[in-house]
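Novice: Take a look at this one; I'll ask things after.
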């Protein structure tokens with residue numbers, strides 16, 4: 001994941017109601033998320049589609065995936081009795 005987005009997240013849909021050239025959608029897809037965006041300008045729609053397709057082609061899922069909150073919580077060992 002990108003350093004600015006390294007906090008654990010719950011899988012879901014990334015929704016961008018004003019997607020423009022599709023940067024948010026491309027990053028979401030590159031991170032393995034689902035994405036949905038809306039744009040009125042046909043030129044930007046074309047750019048967003050190209051970016052999204054490229055991000056989907058380049059996405060490489062992790063070989064080993066741990067629980068969604070792995071590393072977020074620190075567990076201390078129970079004291080020996």
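The values are calculated or read from the model by the stated rules, or taken from the named source; none is laboratory data. All values reported here derive from a predicted model rather than from experimental measurement. Positions of Cβ are generated from backbone atoms using ideal geometry, with glycine treated the same way; all protein chains shown enter the neighbour counts.
Novice: Considering each of 40, 25, 63, 36 in turn, give the residue that is at pLDDT 90 or above and in a loop (DSSP other than H, G, I, E, B).
Specialist: Result of the check over 40, 25, 63, 36: 40.
Novice: In this structure, does residue 53 turn out to be at pLDDT below 90 and surrounded by fewer than 16 Cβ atoms within 10 Å (Cβ to Cβ)?
Specialist: So residue 53 does not fit the description; no.
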